[in-house]
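For reference, the structure is listed below as structure tokens.
The values are calculated or read from the model by the stated rules, or taken from the named source; none is laboratory data. Given the structure is predicted, the values throughout are model-derived calculations rather than measurements. For neighbour counting, all protein chains shown are included, and Cβ atoms are generated from backbone atoms with ideal geometry for every residue, glycine included. Each accessible area value is taken on the protein alone, full model and side chains, heavy atoms only, with ligands, DNA and RNA left out. Shrake-Rupley method; radii C 1.70, N 1.55, O 1.52, S 1.80 Å.
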Amino acid sequence: MSFDLILDDGNVFLCGRLQRTSIGIRDGKIAAIGSLNGLSGNGKRIDLAGKLVIPGGVDPHTHIEGYSSAGTIKNGTESAAIGGTTTVLDFSQANKSENTVAAAESKIKRFSESSSLDFTIKPMMVTEDFASSERLESIFSELSHMGIMAVKVFTTYKNLGRYANNYQILQGMNIARKYGIIVQIHAENNDFLEGNMESLLAQGKTEAKYHAISKPPVSEDVAVADSALMAGESGAKVYCVHLSTKTSPEIIDIARLHGIDIYGETCPQYLILDSSYLERENGNEYLCSPPLRQKEDNKRMWDAIASGKIQAVGSDHVPFLAEQKRAGIPFNKVPNGIPGIETRLPLLFSEGVQKGRITLEKFVDVISSSPAKIFNLYPRKGSISIGSDADITVIDTKLEHGLRAEDLHMGTDIAIYSHMKTKGWPVLTISGGEILAENDVFTGKGKRGHFLEKGGI
């Protein structure tokens, strides 16, 4: 028996534990796990010398292209690969010239032409989509036929034409359940946000630090609680993104204990950074929504990951340029979002596993296996097992790596973790059996990712 690629002597994460073994890859799939002595790798045989081997990262929340000239599908997926991610779940956004369905079709086409990674696209729904139940039915029917597995719904951003009220969201959940589509919720209560922002601006409080004050924890907690109750009422599968408060994971956990099909995601920024960064001279660069919270929220969010109250960690990657961020005054004019697709996986390993906040098993779960399971991609993704896609990340657990803009590949001059270094960095990333990145260099020239359809596993 021969293989296209053999990975020898890795410390491989298998079935919740580490095993010193080898992996044989053939036709883009994992074909063998165990002693492969005497067998050949027609393409290449790599001695991993005991380095850590985990399933390729699955990033459930990226905005790779569309917000900033810094962000392209090419550099977004290439930098993701360098950082150990092999699957991305990105978004489409309708503009004035196209509707939600057309925007999704267009984004799938662009990703198919330029992405180095396997991907799916989640349409961001707009207020107009909720004009009637008939319109919602038509949209979900078309999206389901296209293979779309999830949509994003907003509980805020009236000014951007994205807001849906609870009546509309519940209608959407009922119809989404019918078509087997997951409802992803941006959970911030619009009433709190509008009232606080108007009050602060009227007082002349315009600096970046007031962004966090305008979006208090209660605004997130109320929206998460509403989402959980509506998920229970509708029976829809619901996924609340970028949770930031110490209370929101508790709400998710209580709902799950009552049998509600709801999941919570957080991001590295809500684990590592706090609102004091907004008071810095470059505070605008740290502005995101929800905003950075307090150190106590950081700690409680780590605890929530460790205890299983949070099921996934996404990057919420948005690669703006510093110039775009600086131009935003007052705070409500600053573009929201920070880069993070390349640093998500190594930050979770360095700050989580290496510092004893979470176990290796929990790390693999939230950055790969659990997102794959939530979005029905497992075990094709998120698993090292016979028949799974050969999406594999190899980490040198002793390697230190800088996090300055010049140390990274995301196409932006913003580096919000520039004061830090990680201990442990991906040194080999394989997607579909092809080596995409090795020792901080993208090598997968010509590799094209595949659109992962709903039910297409």
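Return yes when Leu193 is surrounded by fewer than 16 Cβ atoms within 10 Å (Cβ to Cβ) and under 30 Å from Glu279 (Cβ atoms) and no when it is not.
no
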Taking region 71-100 only, how many residues are more than 16 Å from the chain's Cα centre (by Cα) and open to solvent by less than 10 Å² (accessible area, probe 1.4 Å)?
-> 1
Taking region 9-29 as the search range and keeping residues that are out of contact with any Gly (no Cβ under 8 Å at 6 or more places or on another chain) and assigned to a strand (DSSP E or B), which one is surrounded by the fewest Cβ atoms within 10 Å (Cβ to Cβ)?
-> Arg17
Flagged in region 368-400 as in a helix (DSSP H, G or I) and either touching a Lys or Arg at 6+ places or on another chain (Cβ under 7 Å) or of a type in the set (Ser, Thr, Tyr) (or both), in numbering order, are Ser368, Ser369, Ser370, Ala372
The correct count of residues that are among the hydrophobic types (A, V, I, L, M, F, W, C), surrounded by fewer than 17 Cβ atoms within 10 Å (Cβ to Cβ) and out of contact with any helix residue (DSSP H, G or I) (no Cβ under 8 Å at 6 or more places or on another chain) in region 421-441 is 0
All positions within region 311-335 that are at pLDDT below 90, open to solvent by 50 Å² or more (accessible area, probe 1.4 Å) and either closer than 28 Å to Pro60 by Cα or outside any helix (DSSP H, G or I) (or both) | Ala327, Ile329
When you go through (1) over 18 Å from the mean Cα position of the chain (by Cα); (2) open to solvent by less than 30 Å² (accessible area, probe 1.4 Å); (3) under 23 Å from Gly71 (Cα atoms) one by one for Asp413, which number turns out not to apply?
-> (2)
Within region 373-400, the residues that are of a type in the set (Val, Ile, Thr) and either modelled with pLDDT under 95 or farther than 23 Å from Gln311 by Cα (or both) are Ile386, Thr397
Filter region 114-141 for residues that are in contact (Cβ under 8 Å) with a residue 24 or more places away in the chain, surrounded by fewer than 14 Cβ atoms within 10 Å (Cβ to Cβ) and over 16 Å from Lys152 (Cα atoms) and give the result.
-> Ser133
Residues of region 77-113 satisfying the condition of being in contact (Cβ under 8 Å) with a residue 12 or more places away in the chain and hydroxyl-bearing (Ser, Thr, Tyr) = Thr77, Ser79, Thr85, Thr86, Thr87, Ser92, Thr100, Ser106, Ser112
Close pairs (8 angstrom Cβ cut-off, 6 or more residues apart or separate chains): among the acidic types (Asp, Glu) in region 376-405, surrounded by fewer than 18 Cβ atoms within 10 Å (Cβ to Cβ) and assigned to a loop (DSSP other than H, G, I, E, B) anywhere | Asp389/Gly28
Which residue, of Leu292, Leu287, Leu345, is more than 29 Å from Val222 (Cα to Cα), modelled with pLDDT of 95 or more, hydrophobic (A, V, I, L, M, F, W, C) and open to solvent by less than 10 Å² (accessible area, probe 1.4 Å)?
-> Leu345
Considering every residue within region 321-332, establish whether at least one is more than 16 Å from Ala208 (Cβ to Cβ) and either in contact with a His (Cβ under 9 Å, 6 or more places away or on another chain) or among the aliphatic types (A, V, I, L, M) (or both).
-> yes
Only residues that are over 16 Å from Glu361 (Cα atoms), over 18 Å from the mean Cα position of the chain (by Cα) and not hydroxyl-bearing (Ser, Thr, Tyr): list them for region 381-395, please.
-> Ile386, Gly387, Asp389, Ala390
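Could you run through region 233-256 and say how many residues are in a loop (DSSP other than H, G, I, E, B), farther than 22 Å from Ala212 by Cα and either without any contact (Cβ under 8 Å) to a residue 12 or more places away in the chain or not charged (D, E, K, R) (or both)? I'd like the intermediate steps shown before the answer.
Step one: of region 233-256, the residues in a loop (DSSP other than H, G, I, E, B) are 235-237, 241-247.
Still in the list and also farther than 22 Å from Ala212 by Cα: 235-237.
Restricting the remaining residues to those that are either without any contact (Cβ under 8 Å) to a residue 12 or more places away in the chain or not charged (D, E, K, R) (or both) gives 235-236.
Residues meeting the conditions: 2.
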When region 53-69 is checked residue by residue, the ones that are open to solvent by less than 10 Å² (accessible area, probe 1.4 Å) and either under 30 Å from Ile33 (Cα atoms) or more than 14 Å from the chain's Cα centre (by Cα) (or both) are Val53, Ile54, Pro55, Gly56, Gly57, Val58, Asp59, Pro60
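For region 348-358: of the residues being over 10 Å from Thr422 (Cβ atoms) and out of contact with any helix residue (DSSP H, G or I) (no Cβ under 6 Å at 6 or more places or on another chain), which is most open to solvent (accessible area, probe 1.4 Å)?
Lys355
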Listed by first then second residue, the pairs whose first member lies in region 360-375 and is over 16 Å from Pro268 (Cβ atoms) and in contact (Cβ under 8 Å) with a residue 24 or more places away in the chain, whose partner is among the charged types (D, E, K, R) and open to solvent by less than 10 Å² (accessible area, probe 1.4 Å), with beta carbons under 6 Å and at least 6 positions apart or on separate chains, are Ala372/Lys381
Restricting the search to region 197-224, which residues are open to solvent by 30 Å² or more (accessible area, probe 1.4 Å), part of a helix (DSSP H, G or I), in contact (Cβ under 8 Å) with a residue 24 or more places away in the chain and of a type outside the set (Lys, Arg)?
-> Met197, Leu201, Tyr210, Pro217, Val218, Val222
Test for Glu113: is it acidic (Asp, Glu) and within 30 Å of Lys445 (Cα to Cα) | yes
